Amino acid sequence: MTLPRIGTEAAWRRAARGFLSAGVPPDALRWTDGEAPQGLFDTEAEVPEVNREIRVPRAFAAMSSAVIWHSDADRFDRLYAFLWRLQREPGLMRDRGDPALAHLRRMEKAVHRCKHKMKAFVRFREIGDPEATRRSFAAWFEPTHHTVEFTATFFSRRFADMDWRIFTPDVSAIFEDGQLRFLLDAPRPEMPEDASEGLWVTYFRNIFNPARLKVQAMQSEMPKKYWHNMPEAAAIPELIAEAPARARAMAAAAPTLPPLRTARVQRAAEALAPDHWSGPQDGFAAALAGCTRCPLHHGATQAVPGDGPATAALMIVGEQPGDLEDLQGRPFVGPAGQVLDAALQAAGVPRAEVYLTNAVKHFKYVTRGKRRIHQRPNTSEVHHCRWWLEAELARVRPRLVLALGATAALALTGDGAGVMRRRGTLERGRHGGDVLLSLHPAHILRTPDAAEQDRLRADLVADLAAAHRIASERQALPATETG
């Protein structure tokens, strides 16, 4: 069965349906595209009439539309043999382990790659009168496979307002007055030099980045077989040779500005300077409001700064803001804050004299229905937020810090383990001052046993009273001791 070199896809589909409906097996046919020599005993087949419905999966139709244009002379035989099997094995297109399907898929991929190269590397030259109503262009291209007819509709849509011709050693595409046609074995035409090519080469030289040059990757995407038809390719050897020296020159001339993250930190540090600290809503709060040091800022309503006098002798550090704290922007205003207020009152400690803050400044939670359920910050989040806590310590310079719970202990001492065992003891903090460890008021709320709750409340009251007494008895620390 000889197929025409133009209109090959439609001809193969028509013939394959006829032979399949007539029950002609693959080994009784030999397909050619008009170029393969005939055997001594070969006779030209006539396409039978289609006498029954032939159904194939859409996946096979799409695959065959590409494979038909492959340069392999056996492509039609392989497709028909696979189509024959497909009538008896309906699920064959899903069998990834089938060798025949795998081979056809490789051929399909090669044709699509060739189609992409044609779209990328065809270079037109103007051959007609630039003042004419429809300008005329021509190009010479040497595809790996028979992809001109397969790809020509792309060019007819892309350049519908001009006449053009794409000549190849096999089939050439001609588009004139909005009509597309094909020619066989057209000679390579003489094409004049195009003045715009000089501008194109200049542009190519200027966008070439020597610092990102990877020769093997470039040649994989733009094989050298296409270079002799591309005007910019003449500059590539020179650009490759000059690339190392140009890359070194670019590095030497690069500005020495700090990275963007460093600049943000510097701006935040300037906002934290003592000159900006004038009260609760000061430069510190403004800088904290723009914090993006860890992912917690994405879900939180706002960052919650500490609250209290800037000269407080006692600083109390909790874990993180809760739901109400996140909404109101103040620490310890939720249920745990109410427990703390009651304990402060029982210990004789005025809340207005204490600086209250948290180790982590954004609310971490998971959503369940309409509720936001508290989640404990991880070590990374505590370490990222410690920068803000240390800024508060440097500003307030408390005589004593009371750490409520494991997260506060981790941020202040570097160790968050065994807080109940360490409760009531003084430890040296990372900031250079003393830290008294205690339990978090939320731990009391989570304890189901009422008697155990009463014991834990008494422990918290005792720790608050001891912290207030120690802070009151101590002299104010000089600035150098807190860094």
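The values are calculated or read from the model by the stated rules, or taken from the named source; none is laboratory data. Just so it is clear, the structure is predicted and the values come from calculations on it, not from any experiment. Counting neighbours? That spans all protein chains shown, and the Cβs are built from the backbone with ideal geometry, glycine included. Calculation scope for accessible area: heavy atoms of the full protein, side chains included, ligands and nucleic acids excluded. Shrake-Rupley method; radii C 1.70, N 1.55, O 1.52, S 1.80 Å.
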Open item on the list: Between 0 and 90 degrees, rounded to the nearest ten: what's the tilt of helix 379-396 against the longest Cα principal axis of the chain?
Closed with: 40
Open item on the list: Whole percent per 5 Å bin, from 0 to the bin with the longest distance: what is P(r) over all C-alpha pairs of the range 163-229?
Closed with: 3, 12, 13, 18, 18, 15, 12, 7, 3, 0
TODO: Note down, for the range 373-475, the three equivalent ellipsoid semi-axes (square root of 5 times each alpha carbon gyration tensor eigenvalue), biggest first, whole angstrom.
DONE: 23, 19, 11
Task: Cα convex hull volume per residue for the range 327-371 (Å³) - done: 93
Open item on the list: Give me the tail of P(r) for the chain as a percent: Cα-Cα pairs with distance above 43 Å.
Closed with: 54
TODO: Round to the nearest 10 and give me the degree value, 0 to 90, for the angle of helix 148-158's Cα axis relative to the longest principal axis of the chain.
DONE: 60
TODO: Using only Cα atoms, locate the centre of the range 449-467 and the centre of the range 66-139, then give the distance between them in Å, rounded to an integer.
DONE: 79
- [ ] Answer with one residue from Ala102, His70, Cys114: the one whose Cα lies farthest towards the positive end of the charge dipole of the range 50-178, charges on Cβ with Lys, Arg +1 and Asp, Glu -1.
- [x] Ala102
Open item on the list: Counting just the Cα atoms, what span does the range 74-152 cover along each of its three principal axes? Round to the nearest Å and put the largest first.
Closed with: 61, 21, 19
Task: Principal-axis tilt of helix 335-347 within the chain, Cα atoms, nearest 10 degrees - done: 20
Open item on the list: What aspartates and glutamates does Lys115 reach when the alpha-carbon gap must be under 19 Å and sequence neighbours fewer than 8 apart in one chain are set aside?
Closed with: Glu9, Asp72, Glu142, Glu149, Asp170, Glu221
TODO: Collect residues whose amide H, placed 1.01 Å from N in the peptide plane, falls under 5 Å from the amide H of Arg430; neighbours closer than 5 in sequence don't count.
DONE: Thr413
TODO: Can you check what the net charge comes to around Ala336, using other residues whose Cβ is under 12 Å from the Cβ of Ala336 (Lys, Arg +1; Asp, Glu -1)?
DONE: -3
- [ ] Quick one: grab the alpha carbon gyration tensor of the range 14-108, order the square roots of its eigenvalues as a ≥ b ≥ c, and give me rounded if a/c is under 1.5, else prolate or oblate depending on whether a/b is larger than b/c.
- [x] oblate
- [ ] Show that you can apply the helix-only estimate: for the chain, add -39,500 (n - 2.57) for every DSSP H stretch of four or more residues, divide by all residues, and state [θ] at 222 nm to the nearest 500.
- [x] -13500 deg cm²/dmol
Open item on the list: Just want to confirm a number: the relative contact order over the range 146-186, from Cα pairs under 8 angstrom separated by 6+ residues, in percent.
Closed with: 35
- [ ] Over the range 1-140, average the accessible area per residue using a 1.4 Å probe and give it in Å², no decimals.
- [x] 56
Open item on the list: Using just the Cα positions, wrap the range 107-230 in a convex hull and report its mean projected area in square nanometres, one decimal place.
Closed with: 8.8
Task: Solvent-accessible area, 1.4 Å probe, carbon plus sulfur percent, for the chain - done: 53
